[in-house]
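The values are calculated or read from the model by the stated rules, or taken from the named source; none is laboratory data. This one's a predicted model, so the numbers in the text were calculated from it and none came from an experiment. Cβ placement follows ideal geometry from the backbone for every residue including glycine, while neighbour counts extend to all protein chains displayed. These area figures cover heavy atoms from the full protein model, side chains too; ligands, DNA and RNA do not enter into them. Shrake-Rupley method; radii C 1.70, N 1.55, O 1.52, S 1.80 Å.
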Amino acid sequence: MAYKDEKLHEEKVFKDPVHRYVHVRDRVIWDLVGTPEFQRLRRVRQLGTSYLTFHGAEHSRFNHSLGVYEIVRRIIENFENRPYWNHEERLLCLTAALLHDLGHGPFSHSFEKVFKLDHEDYTRAIILGDTKVNAILRKVEESFPQKVADVINKTYENKLVVSLISSQIDADRMDYLQRDAYFTGVSYGHFDMERILRVMRPMEDQVVVKESGMHAVEDYIMSRYQMYWQVYFHPVTRSAEVILTKILHRAKELYENDYTFFLEPYHFTSFFKGEADLEAYLKLDEAVTLYYFQIWREEEDPILSDLCDRFVNRHLFKYVEFNPNLHMSEWMELHQLFQKAGIDPEYYLVVDSSSDLPYDFYRPGEDGERLPIHLLQPNNELKELSRKSEIVEAISGKKRTDHKLYFPKDLIEGLSNRSKTKKRIMEILYG
Amino acid sequence: MLNDHAKLVKFFSQCDEVVGRKRLQKMIYILKKAGFPFEERYQFHFYGPYSEELTLRVEELCNLGFLQETWEKKSNYSQYRYALTEGGEEFLEHYPNMTFPRMTGLIEGMNGKSSRFLELVSTMMYFDDLTREEVEEKVQAVKSKQNYTEEELQEAWSFIDRMLQQ
């Protein structure tokens, strides 16, 4: 029997708190889960710094990847023998679902920003490079790794396959909304996924939802909206993210200025130099990163040690609302006051915007901008969701942006009470 | 602070108006590929390279009053128009060193082109790690519905060469 068709002697299951069980029958999937590149995802948290706000949010990209695989497996089960669905694409879909986040690094959002990297490039590199994952995929077929990479990169010809893993209502979002809600403990993020899976239909180039399932989709859109504000965009999480970004910036700056670290930051040096290869990338996970943060708490550089201490001991920056249109001149004054007070504004005065986050809302958009969610009418016509649902239309029109100013209140309070600088800083920040 | 926002405001200051979100997406992508330091990350989507970060950042600029967004309904489609406001001009005064001298010419070059053509150009640029033959093959595969002709492909190559030389 060809490797691609090989089934395990007995079905394997992973117990999962969100989907109850993740079922594996294909040998290829089982072998991929066992690779070091996939196992590494156990050491990369799904929600980055959110665990500092929601103590339960310790779940990993490993959990999530299995969850996305399971959802796609269930969707495909329902698609079999329906028009537009090609059974030959089954293994490709399952594999791409399982491996879609393979290139995520430690605290990947901040990490990618500071070192100007893209996890999607690393996902592709792991799939196409000299790795255990690649060796398994090539056993299926020589061109299989490229096909998997194309699906994840969304450049695969069959857009129906792509849309299962990446679209406005895809397995990726359906898993992370429920999983993140479960592990953070919030009461949002829940929707009737079973119902959505039952009413999903394959069409040319896309997955659509039968109109009778509109209310379940409304719930899903509402979950996305609530999770955005309550979890993903939580101001405390953003504070931790700001500090994390500044730590990486500071360490890089010190390295570039020939600073002597107590411990050579071996795992980071190729990133500081901008020449990190796949081997270096795969060695760096969150356990290693947090180890360095512990070590750097003891560094002589006061900024690096202070920032690391804040991150490790959750001694985060405070924040106030900030409107760049109204407060631009105040921000410039604050910048000068911080310098005068000996608090480096490059590291301790930070504006964070909603567009700095990797999450989005549902928006129907403009024709040709981005493919929206389509409802399949009884007469087989397609209608964009917000044109049928007043709830979705109402959410789509809401203002969804904000900006916050982050700073170390404790350092400002530590200035002398007779200091005019301190008085003025507090006036600007707190009125 | 807000440097990435300022770069976009600078772009709008060099356009009278940008008509259409799809057009805006493709223009910024092409400029980025031509070497301008826009930080918005792009992924390949149904209609070619698309950046959710750009969408959100433009929404922020509208909410801050730096851009004016106008929605208009045409007979069988709708579109958005974007133009810089006085507030946007004042915001830009805080960034006197932000200059993109080559950009105006490139924007003019794109202004005369259709959104369909910019979608083709940006898609071809997305696959810039492939050979020309492979790019054309890939474009025809992922954009089969668009039925791009040989003439359009050749025009796009000439356009890309001009953009990258300027």
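The residues of region B:122-135 that are touching a residue at least 12 places away in the same chain (Cβ under 8 Å) and either within 14 Å of chain A (Cβ to nearest Cβ) or assigned to a loop (DSSP other than H, G, I, E, B) (or both), listed by number, are B:Ser122, B:Thr123, B:Met124, B:Met125, B:Tyr126, B:Phe127, B:Asp128.
Take residues that are open to solvent by 30 Å² or more (accessible area, probe 1.4 Å) and of a type outside the set (Gly, Ala, Ser) and tell me which of the helices (runs of 4 or more DSSP H) falling wholly in region A:95-142 contain 3 or more. Lay out the reasoning, then the answer.
Working: elements: A:108-115, A:119-128, A:132-140.
The qualifying helices (runs of 4 or more DSSP H) are A:119-128, A:132-140.
Within region A:344-402, the set of residues being within 14 Å of chain B (Cβ to nearest Cβ) and among the hydroxyl-bearing types (Ser, Thr, Tyr) comprises A:Tyr347, A:Tyr348, A:Ser353, A:Ser354, A:Ser355, A:Tyr359, A:Tyr362, A:Ser386, A:Ser396, A:Thr401. Scan region B:9-58 for residues that are among the basic types (Lys, Arg), more than 10 Å from chain A (Cβ to nearest Cβ) and more than 20 Å from B:Ser115 (Cα to Cα) and jot them down. Once the filter is applied, which keeps residues that are among the basic types (Lys, Arg), more than 10 Å from chain A (Cβ to nearest Cβ) and more than 20 Å from B:Ser115 (Cα to Cα), region B:9-58 yields only B:Lys10. Taking the residues in region A:320-343 that are within 30 Å of the chain's Cα centre (by Cα) and farther than 19 Å from B:Leu92 by Cβ as candidates, determine which candidate is nearest to the other protein chains (Cβ to nearest Cβ). It comes out as A:Glu321.
Report yes if B:Glu69 is modelled with pLDDT of 90 or more, crowded, with 18+ Cβ neighbours inside 10 Å and among the charged types (D, E, K, R), otherwise no. Criteria not met by B:Glu69.
Residues in region A:34-51: is at least one part of a strand (DSSP E or B) and touching a strand residue (DSSP E or B) at 6+ places or on another chain (Cβ under 9 Å)? Looking for residues that are part of a strand (DSSP E or B) and touching a strand residue (DSSP E or B) at 6+ places or on another chain (Cβ under 9 Å), one finds at least one in region A:34-51, hence yes.
Could you list, in sequence order, all residues of region A:81-90 that are open to solvent by 50 Å² or more (accessible area, probe 1.4 Å) and within 21 Å of A:Asp5 (Cβ to Cβ)? Give the derivation first.
So in region A:81-90, the residues open to solvent by 50 Å² or more (accessible area, probe 1.4 Å) come out as A:81-84, A:86-88, A:90.
Once the filter is applied, which keeps residues that are open to solvent by 50 Å² or more (accessible area, probe 1.4 Å) and within 21 Å of A:Asp5 (Cβ to Cβ), region A:81-90 yields A:Asn81, A:Asn86, A:His87, A:Glu88, A:Arg90.
Filter region B:59-87 down to the residues that are touching an Asp or Glu at 6+ places or on another chain (Cβ under 8 Å) and free of Cβ contacts under 8 Å to residues at least 60 places away in the same chain, then identify the one that is farthest from the other protein chains (Cβ to nearest Cβ).
Initial filter on region B:59-87 (touching an Asp or Glu at 6+ places or on another chain (Cβ under 8 Å)): B:62, B:77-83.
Restricting the remaining residues to those that are free of Cβ contacts under 8 Å to residues at least 60 places away in the same chain gives B:62, B:77-78.
Working: B:Cys62: 9, B:Tyr77: 4, B:Ser78: 6 Å.
Once the filter is applied, the top-ranked residue is B:Cys62.
Answer yes if at least one residue in region A:390-409 is open to solvent by 30 Å² or more (accessible area, probe 1.4 Å), over 31 Å from the mean Cα position of the chain (by Cα) and not β-branched (Val, Ile, Thr), and no otherwise. Checking region A:390-409: not a single residue is open to solvent by 30 Å² or more (accessible area, probe 1.4 Å), over 31 Å from the mean Cα position of the chain (by Cα) and not β-branched (Val, Ile, Thr).
Considering only region B:23-40, how many residues are closer than 12 Å to B:Thr55 by Cβ and either within 8 Å of the chain's Cα centre (by Cα) or surrounded by fewer than 16 Cβ atoms within 10 Å (Cβ to Cβ) (or both)? Give the steps one after another, and end with the answer.
Within region B:23-40, the first condition is being closer than 12 Å to B:Thr55 by Cβ, and the residues that meet it are B:24-25, B:28, B:40.
Among the residues that remain, those that are also either within 8 Å of the chain's Cα centre (by Cα) or surrounded by fewer than 16 Cβ atoms within 10 Å (Cβ to Cβ) (or both) are: B:24-25, B:28.
Selection size over region B:23-40: 3.
Being polar (S, T, N, Q) and open to solvent by less than 50 Å² (accessible area, probe 1.4 Å) is the filter; apply it to region A:282-322 and report the residue that is farthest from A:Ile343 (Cα to Cα).
Taking region A:282-322 as the starting set, the residues that turn out to be polar (S, T, N, Q) are A:289, A:294, A:305, A:313.
Filter once more, keeping what is open to solvent by less than 50 Å² (accessible area, probe 1.4 Å): A:289, A:305.
Working: A:Thr289: 26, A:Ser305: 14 Å.
So the residue we want is A:Thr289.
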